[in-house]
Amino acid sequence: MIFILTGAGLSAESGLGTFRDKSGLWTEYDLKKVATPEGYAADPSTVLDFYNARRANAASAEPNAAHHALARLQAARETFIVTQNVDTLLDRAGATQVLHMHGRLDRVRCNKCGARWDAPEIMDPFDHCGQCGAQTVRPDVVWFGEMPHGLDKIEDKLTRASLFVAIGTSGTVYPAAGFVEMATAHGIPTLELNLEPSGGVFDEGHYGPATKVVPAWVNEITA
Ligand code: OAD
């Protein structure tokens, strides 16, 4: 089974900003203010405005050739895809059972009862939970200091993979940043597909824009 981890670079050519590149989101916004539980408690309007803008961008973006290539790979070979991206471009390209370890922009969660539902276009600090009535609803995304989703399943799949591939991620945010080391420790070959080397220790790397490098690699291994 091929284990794939994707990051913001996969969606960059669909027009969604990355976080740490030159004009990345974290150069424009203070992540402590917009991507932490403390930031949300202090100023929910600012945080919701940030995610409302991200949601609008993601909704108007289209999957690119790299998303489509990964969906094609999944149809041809046993492939487990974990994404750090909160967009749903992989799902919209036809990939199935994508594990969104950092949550999804198009979903809402109630902080009190845990109910989840589809996000409206615009979330408002006065929104209520349809299930318990609490006024503590939030985007269903994982913030810094919170536990990503699916870690047990990820570890199980990763340690049984025949190949680990990281695509379009800078490898700076843990636990995802540690997956390459975990794969290596289990003797699993590792491959990086990225615009440029991230600095992580991979057995092999193919560098260039995701829309070129990912389809070329998928064509190579499914030929
Ligand atoms: P980053 O912004 O940290 O890294 C993006 C990576 O994509 C970099 O290595 C770029 O070189 C590469 N890249 C940029 N354009 C590309 C292109 N066209 N083709 C291929 N690669 C390209 O984004 P992530 O690693 O995804 O978490 O960031 C990880 C997490 O940090 C995010 O999920 C988010 C963020 O803070 C939370 O908000 C919890």
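Overview of results
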read-out	value
Phi to ³J(HN,Hα) by Karplus 6.51 cos²θ - 1.76 cosθ + 1.60 over the stretch 24-36, Hz, x for Gly, Pro	x, 4, 7, 8, 9, 10, 8, 4, 5, 7, 10, 9, 9
Taking Glu62, Glu181, Glu192, Glu13 and counting other C-beta atoms within 10 Å, the order from fewest to most	Glu62, Glu181, Glu13, Glu192
Straight-distance crosslink candidates among lysines, where the alpha carbon sits under 29 Å from Lys212 and sequence neighbours closer than 8 are dropped	Lys22, Lys157
Centre separation in Å (Cα based) which lies between the stretch 37-65 and the stretch 151-168	28
Sites Ala115 and Ser162, calculated FRET efficiency, Cβ-Cβ separation with R0 41 Å, nearest 0.05	0.60
Full-extension gain in nm, Glu204 to Glu62, via 0.36 nm per residue minus C-alpha separation	48.2 nm
Helical mean residue ellipticity (222 nm; -39500 (n - 2.57) per DSSP H run of 4+; nearest 500) of the chain	-9500 deg cm²/dmol
Stretchable slack from Thr184 to Trp26, in nm (0.36 nm times residue separation minus alpha-carbon distance)	53.9 nm
C-alpha long axis of helix 65-76 to longest principal axis of the chain, angle in °	70
For the chain, share of DSSP beta bridges that run antiparallel, in % to the nearest 5	25
C-alpha long axis of helix 210-222 to longest principal axis of the chain, angle in °	50
Shape category assigned to the chain from the gyration tensor of Cα positions, a/c cut at 1.5	prolate
Under Karplus coefficients 6.51, -1.76 and 1.60, residue-wise ³J(HN,Hα) of the stretch 44-50 in Hz, glycine/proline x	x, 4, 4, 5, 5, 4, 4
Amide proton proximity set for Gly205, modelled H, under 5 Å, gap of 5+	Glu192
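Quick note: the coordinates plus some simple rules give every number you see, no bench work behind them. Everything quoted here is computed from the prediction, not taken from an experiment. Positions of Cβ are generated from backbone atoms using ideal geometry, with glycine treated the same way; all protein chains shown enter the neighbour counts.
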